[in-house]
Structures are given as structure tokens and as C-alpha cells.
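Structure, as C-alpha cells:
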Amino acid sequence: MHRTRKTLLGLLALAAIFLLMAPAVMAEGTEAGEQVENMATITYSVGSVVQTPIESSPLGNSTPGAGAGADTTFLVDNKIVVTVDSDVSGSQTISPLGEYTYSFTIENVGNAPQGYNLEVTDLAAGYTSNIWVEDDDIAGLDTTNDLDRDYISSLAADDDITVYVVITVPDTVGANSVSNGDTTTFNLVATTCTNNITAFQNETENAGTIGVGTVVEEDETVVWVSNTVQDVFGDAAGTDDIANDGMHSDSVTCVVATTSLLVTKTSLVVEDPILGNYVAGSNYPKAIPGAYVEYTITIVNQGTVDATNVSISDDLDQNDQMTDGDIVFATDRYNTSADDVEVTYDATGTPSYSYFDTTDSPNVDNATFTSYVLNVSNLTVAANTTVTVQYQVQINAN
């Protein structure tokens, strides 16, 4: 029992020594350019007499004795594998004129440091894009420290880096305009270059070239040369490239979600000094001096997202009619003669109301009447709903 335990402890200690002595193996394999060298020794006898050993040589050696041979060597070739992975999944919602940032992880899964061209492809017309390469430990795009460039200068084997693509969405009007439900799918493509590039590489591919600043081409059809590092592509197909092309790509799909606002302004005489108040179907006051005319602005959101921070500006003196005294802004016409503007929200079929007083100081109701211009601000028109804003003027009776 004791001997068995001692034997086990001895084996464990011996295994630990071997582990410490064993060379480290990187996840991406033996580094490209590593020279492997060795030499064989032949021993033989003639008759019963042992002869002097003969060492091997790449060119052949027949001279017996130590030192007469030479090592057979070769260099480990460059296995080029790059991966591009989008850090988002599913369709991304975007809005007209918006700017959106999407992150990608670029990983060098090969066995040598490489540079990479970075390119956005298939982005719909009218959109713009910009590429940033992370250069600090701050999570997310940091335009102060990250690099505004379309290439990765150097990425070590088995290392990765975050790249950001910033896209800007066109307007809903003009050339290349977008509409609700429009979709664009763009790709980020990484193309393998030699190490330590200093700009996006436009050169023609150069087979077997190790100079700085070239796009790498696979040495697939080139005869293997033992003491030259040759390139072999091992990448999988991406969203915008094929397998074994020294490239990789991944995509992001964006769907436009926007409002479509229908705006209408109407007027109605709601009271005059002779006929009195308007009653639908029975009493119709007229626009005579002293009468009150109600303006109704109707905003219908026909889109799929809410319209926020909606503001209305109505210049009631466009033809100097207030300056000349033809009409005046009517105050205290709503909410039991307490407020000047009535806002009606109809999201569920049951209207709700808000009332604004333009004379509040400070104006907490987000409504002002200054220099004959009525401004109503900070409204929200939910998707597929209607908001109406009403206010009145009075025709001068003097």
C-alpha cells in the first residue's frame, strides 16, 4: 500500500516536470515563420565491423563522421483565417436622419500577425457610413480615442478587436429618400493584408509578397518551397464573401420605422354677437365683427412609431391683420374660461384633454403667444393616433 502511494506520487511529480518543460502551444498553432530543423544519423556495420555513422543532408551526404551532414529545415507557412462577427442579432429599428452605431468583432484566427482592410458593402443608396477601430479600454465608441480609419494596422494571432460602423439614415424626402418599412442590409468585410499597414490597401493582390502594404493572395497554385513562408487561406464563407478567400464578413439588417404625419388646419365660427354659439345642425354664427373664430390643427400619425417633441408654430399676422387690428388672439376661451389652447388626444377612442394658458409665467404649459405667433410645444402624437390643437381669434368689433 505504501509502495503504491509512493509510486503514484513519483509519477505525478514526473508528469509535472514534463509539463513545465514542454513548450507552450498557442491556440492558433505554431507561429508562421518558425524554422523547423533536424538531421538524421545512419549507423551500420560491414560484416561484423561497426562503421562510422553518416549524417543526413538535404543535398545528400556520403562522408562518414560527425559534422559532415547538414540539417533539413523548413519554415511554418501562414494559415490565414479571419472572422467578422456582428455584435447584434435580428433586425435593427432605425429612423430617418438618425445616426446609429453597430459594433463588430474582428478576430485573427491564423498563426501570424496581419493587417486588414475594412469595408462596408451593400448599404442602400442615400445612407452614409463611417468606420472606427477601437483603441482604448472604454466600452462603446469613443470618438476621442478610437481611430477613425478603414483598416486595422496589425492584429496579433489569436487576438481580436472591436470595430464600429456608424451609419446615417436619409430623409423621407428628396433623392434616395426612405419610407416606413424600408430595409437595408449592409456588410462589414475584412480583407487580409500584410502586417503593419498604414492605410487602406488598393494594390493588386500580390502572391507570396511579404512587403508592407499589400493585399495577401493565397499561394494555392505555387509549388511549396521549404524555406519560404507561403500563405494558405482557411476562412469560412461570410455574408458577402466565399470560403478560403482571405476575407470574412458579417451583416446587419436595419428596418426604417417612422411617422407619417397628416396635418390639417381648419376654421369655424363658434360665436357671434347676433346668432350666439355654434350648434351643429341648428345654429351657425357668422364671421361678423365681434365674432369668435376657432382654428383647429389636426395631426394624424399614420406611421408605426410615436412622433415626439412635436411643436406647432402659427403666425396669425401673416397679412398684418393683427398689426392692423383686424383680429386679436382670444384668451380664456377653454376650460371654463381659464385657458387659451385646448389639446385633444384620441388614442383609444376616448378623448383626453390638456389646456394651455399662454400668459403663464414661467410658461409651464409649453404654449406662448409672442409677436402674434402662437407656439405650442412638447406634444407627442402616438403611432396611429390623432391629436388636435384648438385656439381662437376674435374679429375686431370696433
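The values are calculated or read from the model by the stated rules, or taken from the named source; none is laboratory data. Note that the structure is predicted; figures quoted are calculated from it, not measured. Cβ sites come from the backbone with ideal geometry, for glycine too, and all protein chains shown count toward neighbours.
Inside region 125-163, residues that are over 28 Å from S95 (Cβ atoms) and β-branched (V, I, T) make up a count of 2. Applying a threshold of 7 Å to beta carbon distances and a minimum spacing of six or more residues, or different chains, the list of pairs starting in region 142-165 at a residue that is assigned to a loop (DSSP other than H, G, I, E, B) and ending at one that is exposed (fewer than 14 other Cβ atoms within 10 Å of the Cβ) and among the hydrophobic types (A, V, I, L, M, F, W, C) reads N145/I138; A157/M26; D158/M26; D158/A27. From the list D332, D340, D317, D346, the one residue that fits, being under 30 Å from D182 (Cα atoms) and not assigned by TED's automatic domain parsing to the domain that holds T172, is D346. From the list D158, D146, D122, D150, the one residue that fits, being loosely packed, with under 14 Cβ neighbours inside 10 Å and among the charged types (D, E, K, R), is D122. Looking at region 218-226, is at least one residue modelled with pLDDT of 95 or more and surrounded by fewer than 17 Cβ atoms within 10 Å (Cβ to Cβ)? No, every residue in region 218-226 fails to be modelled with pLDDT of 95 or more and surrounded by fewer than 17 Cβ atoms within 10 Å (Cβ to Cβ). Filtered by the rule that a residue be in a loop (DSSP other than H, G, I, E, B) and farther than 27 Å from T30 by Cα, region 109-136 gives D122, L123, A124, A125, G126, Y127, E134, D135, D136.
The set of residues in region 62-108 that are charged (D, E, K, R), assigned to a loop (DSSP other than H, G, I, E, B) and under 17 Å from the mean Cα position of the chain (by Cα) contains only D87. Scanning region 3-55 for residues that are modelled with pLDDT of 50 or more and within 30 Å of Q114 (Cβ to Cβ) yields E28, G29, T30, E31, A32, G33, E34, Q35, V36, E37, N38.
One residue stands out among those in region 309-355 that are acidic (D, E) and not in a strand (DSSP E or B): the one that is nearest to L379 (Cα to Cα), which is D340.
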